[in-house]
Amino acid sequence: VLGSDGAGVVSHLGEGVASAWMGREVVINPALDWGRNPDAQGKDFRILGLPDEGTWAEYVVVPAENLYSKPKHLDFTEAASIPLAGLTAYRALFTRAKLRAGETVLLTGIGGGVALFLLRFAVAAGARVFVTSGSREKLDRAKELGAEGGCLYTDSDWAERLSADVGGFDAVVDSAGGPSFSKLCDLTRPGGRLVFFGATLGNPPELVLRKIFWRQLNVLGTTMGSPDDFASMLAFVEEKCLRPVIDKVVPWLVADDALDRMDAAGQFGKLVLKIED
């Protein structure tokens, strides 16, 4: 059973689980067995949905320590869209990049779930936010959500234009890698932070190390997040009364429609599967 994200109501308790959980509205932290080191996951770490049975089901079994109270201002559709993407974005921005108010941050590939959480979190933290996308429509929608500017990465001179407009970024967050990664090094200010959590375009064909060591860049990998990251992320969402960007709610029996939309890169925000009564 696939699926990592989920929100719902506790209906059954395992042995030794406090009775106070019964009937609670909860959101699931899909990062299982992170381990004791907050700096990196341990050898038993895994993500709910593979190999453990995931959330595309009427009933889901998870450890009680992976349950958190649903933020009161969110409905179940909104809460269900937060966990994996919200956790990844929060750790990347605040635990790893240590983004501060007033800093300038570049977020690549706006439109996907994590990228939009990055945008919402960075704007809420008081940062100046710039984005890239392969779609003009997605750039325009990102500006409506608080991005100060952006450019199409399909343009051959996109990095040069960003450099001319902004002059460099305190932090850059990327999930694509590939040929453009070296350009992101160029766009990061001396002493700045370049955080990445994916490689959808593969490894960079060339990475000039001199750009990194001479300019004192911090290149930081990140994956998901610790229990402390998850709790801090939910607290941040509640404090700022943030709501996730939801592209579409799809009945779970036609989940293939959502997968097809993802394959076509047509979504702007999260796709949520709803289990009908």
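Numbers below:
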read-out: Criterion (within 13 Å of the chain's Cα centre (by Cα) and not aliphatic (A, V, I, L, M)) met by exactly one of ARG36, ARG91, ARG100, ARG46; value: ARG91
read-out: GLU58 being of a type in the set (D, E, K, R), assigned to a loop (DSSP other than H, G, I, E, B), open to solvent by 50 Å² or more (accessible area, probe 1.4 Å) and in contact (Cβ under 8 Å) with a residue 40 or more places away in the chain; value: yes
read-out: Complete set of residues in segment 14-42 that are touching a residue at least 24 places away in the same chain (Cβ under 8 Å) and of a type outside the set (Val, Ile, Thr); value: GLY14, ALA18, TRP21, ARG24, GLU25, ASN29, PRO30, ALA31, LEU32, TRP34, PRO38, GLN41
read-out: Enumeration of residues in segment 76-102 that are open to solvent by 20 Å² or more (accessible area, probe 1.4 Å) and assigned to a loop (DSSP other than H, G, I, E, B); value: LYS98, ARG100, ALA101, GLY102
read-out: Pairs with Cβ under 8 Å, 6+ apart, first in segment 61-75 and in a helix (DSSP H, G or I), second buried (at least 19 other Cβ atoms within 10 Å of the Cβ) and of a type outside the set (A, V, I, L, M); value: ASN66/ASN29; ASN66/PRO30
read-out: Selected residue (criterion: most open to solvent (accessible area, probe 1.4 Å)) from residues of segment 9-35 that are under 18 Å from LEU87 (Cβ atoms) and not aliphatic (A, V, I, L, M); value: ASP33
read-out: Residue list for segment 222-251, restricted to those being more than 15 Å from the chain's Cα centre (by Cα), surrounded by 16 or more Cβ atoms within 10 Å (Cβ to Cβ) and closer than 21 Å to ASN29 by Cα; value: PRO227
read-out: Filtered residues of segment 268-277 (kept if over 15 Å from LEU84 (Cβ atoms), open to solvent by less than 80 Å² (accessible area, probe 1.4 Å) and over 14 Å from the mean Cα position of the chain (by Cα)); value: ILE275
read-out: Residue in segment 157-165 that is over 23 Å from MET224 (Cβ atoms) and outside any helix (DSSP H, G or I) present; value: yes
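The values are calculated or read from the model by the stated rules, or taken from the named source; none is laboratory data. All values derive from a computational prediction rather than experimental measurement. Cβ sites come from the backbone with ideal geometry, for glycine too, and all protein chains shown count toward neighbours. With ligands, DNA and RNA removed, areas are computed over all heavy atoms of the protein, side chains included. Shrake-Rupley method; radii C 1.70, N 1.55, O 1.52, S 1.80 Å.
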